[in-house]
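To start, the structure itself, in structure tokens.
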Amino acid sequence: MRAVLNKLEQASQLDRVGDRIQRGIWSALPRRWMRDLLHGVWLGHPLHPVLVQLPVGAWTASAILDMLPGQRRASTALVAVGTFGAVPAVLAGWNDWASLSQSQRRVGLVHAVANGIGLALYGASLGTRLSGRHGIGRILGWAGLSAASGGAFLGGHLAYKMGAGVNQAVPEMHRIDEGWHAVADLGALPEASLVTRKINDVGVLIYRDGENVTAMLEHCAHQGGPLGAGDLTKVDGHVCVVCPWHGSTFRLDNGEVVHGPSATDQQTLPTRTMGGVLEIRLP
Ligand code: FES
């Protein structure tokens with residue numbers, strides 16, 4: 001299984017179709033608010049894993065009810081809930097997929113195809129059940145659950161092995177020692193500019209506005225992009241940094257994400273000035 005997954009990660013022959021789908025998704029979701037909505041920026045958490053709970057739960061429950069006598073109506077209702085409930089999860093998943101790295105997109109493509117087959121089988125199962133052919137509906141449902149389970153396995157591989165949808169910056173905090181770390185003379189820090197420093201080899205982004213200095217981890221929560229090479233912008237009056245890789249935008253005063261694809265905030269770090277020296281520590 002490991003060998004198969006490794007091959008899939010390196011299957012560059014999937015890139016042509018993947019690139020086309022990626023362009024299609026971006027033209028189908030031209031407005032930034034649409035993409036932010038589906039990423040889960042408003043929630044502060046990726047939306048796709050939240051939305052998949054409904055179809056997975058409903059379909060699994062229907063598969064169990066299909067093995068019990070006298071449960072046709074309940075099972076059909078659950079198949080309907082899972083099938084219609086899968087649609088928003090599919091939309092959120094494709095939206096997240098479009099901003100993944102190439103090897104993640106390859107695995108994500110097969111994950112989406114497997115789940116798409118599962119959804120189609122459940123759609124057919126619902127149709128046959130509603131037309132009274134419950135025996136075929138049950139078989140189609142079990143086949144759909146098998147396909148969706150294969151898709152879920154690849155989804156787990158994407159998240160846990162490949163780090164898709166996972167905050168890429170926060171694990172770096174484990175490499176920062178406890179206590180205050182002197183990083184710069186306050187007077188030497190330029191105002192309204194992005195400055196980077198290292199603490200225990202971990203990049204930290206510093207922004208000074210007069211006497212106020214804020215700091216956050218430099219690597220972007222989305223895919224680890226270098227925020228120190230990003231642009232400054234203002235959103236709703238708040239100064240923000242825009243990640244140079246995929247455009248995630250974070251408030252510099254509190255790390256809040258205002259535009260995706262990151263759905264999580266950027267981790268900020270407490271600062272203080274002692275004898276004119278800026279110090280930073282872990283929260
Ligand atoms: S790495 Fe993707 S937005 Fe920063």
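Which semi-axes, in whole Å and largest first, does the equivalent ellipsoid of the stretch 2-161 have when worked out from the alpha carbon gyration tensor as the square roots of 5 times its eigenvalues? Here the semi-axes work out to 30, 18, 14 Å.
Rolling a 1.4 Å probe across the protein heavy atoms gives the chain an accessible surface of 50 Å² per residue.
Per the 1.4 Å probe, what fraction of the accessible area of the stretch 2-161, in percent, lies on carbon and sulfur atoms? Walk me through the intermediate numbers first.
Details: 5780 of 8590 Å².
Looking at the stretch 2-161 in its full context, I get 67 percent from C and S.
The angle between the Cα long axis of helix 134-156 and the longest principal axis of the Cα atoms of the chain comes to about 20 degrees, rounded to the nearest 10. Applying Stokes-Einstein at 20 °C and 1.002 mPa s to the Kirkwood radius of the chain, computed over alpha-carbon pairs, gives a translational diffusion coefficient of 102 µm² s⁻¹. Calculate the length of the line joining the C-alpha centroid of the stretch 214-283 to that of the stretch 1-70, in whole Å. After rounding, the separation between the Cα centres reads 28 Å.
Below 8 Å between Cα atoms, with a sequence gap of 6+, how large is the relative contact order for the stretch 2-161 in percent?
Working: 170 pairs, mean separation 38.3, N = 160.
It comes to 24 percent, rounded to a whole number.
Rounded to the nearest 20 debye, the dipole magnitude of the chain is 1620 debye, with +1 charges on Lys and Arg beta carbons, -1 on Asp and Glu beta carbons, and the Cα centre as origin.
Work out the length of the dipole vector of the stretch 34-141 about its Cα centre, built from +1 on the beta-carbon of each Lys and Arg and -1 on the beta-carbon of each Asp and Glu, and round it to the nearest 20 debye. Please report the intermediate quantities before stating the final value.
On the way: 8 positive and 3 negative charges, 66 e Å.
Using Cβ point charges on Lys, Arg, Asp and Glu, the stretch 34-141 gives about 320 debye.
Here the extension length gained between SER101 and SER146 equals 13.5 nm, from 0.36 nm per residue of separation less the Cα-Cα distance.
Rounded to the nearest whole Hz, the Karplus-based 3J(HN,Hα) values (6.51 cos²θ - 1.76 cosθ + 1.60, θ = phi - 60°) of the stretch 3-17 follow the sequence 5, 5, 5, 5, 5, 4, 4, 9, 6, 5, 5, 7, 5, 4, 5, with x at glycine and proline. The magnitude of the dipole of the stretch 170-280, with charges of +1 and -1 set on the Cβ of Lys/Arg and Asp/Glu and taken from the Cα centre, is near 140 debye.
Are there trypsin sites (Lys or Arg not before Pro) in the stretch 3-112 that DSSP puts in a loop and that have at most 14 other Cβ atoms within 10 Å, and which ones?
ARG31
Comparing SER101, SER248, SER262 in a Gaussian network model of the chain, where Cα atoms under 10 Å apart are tied by springs, the biggest mean-square fluctuation is seen for SER101.
Taking amide H as placed 1.01 Å from N in the peptide plane, the amide H of HIS259 sits under 5 Å from that of THR249, each at least 5 places away or on another chain. Positive-end ranking of LEU205, LEU194, SER131 along the dipole of the chain, with charges on Cβ about the Cα centre, is headed by SER131. Ranking VAL110, TRP94, GLY144 by how far each Cα lies toward the positive end of the dipole of the stretch 63-161 (charges on Cβ) leaves GLY144 at the top.
Note on the chain: with a GNM built from Cα contacts shorter than 10 Å, the maximum mean-square fluctuation among THR128, THR264, THR249 falls on THR128. Per-residue SASA remark: VAL113, around 80 Å² accessible (1.4 Å probe; ligands, DNA and RNA not included).
Helix-only arithmetic for the chain: the sum of -39500 (n - 2.57) across DSSP H runs with n ≥ 4, divided by the residue total, places the mean residue ellipticity at 222 nm at -14500 deg cm²/dmol. Within the accessible surface of the stretch 170-280, defined with a 1.4 Å probe on protein heavy atoms only, the carbon and sulfur portion equals 45 percent.
The values are calculated or read from the model by the stated rules, or taken from the named source; none is laboratory data. Not measured: the values here are computed from a predicted model. Don't worry about glycine lacking a Cβ; one is built from the backbone with ideal geometry, like all the others, and counts go over all protein chains shown. Just the protein is used for accessible areas: all its heavy atoms, side chains included, with ligands, DNA and RNA removed. Shrake-Rupley method; radii C 1.70, N 1.55, O 1.52, S 1.80 Å.
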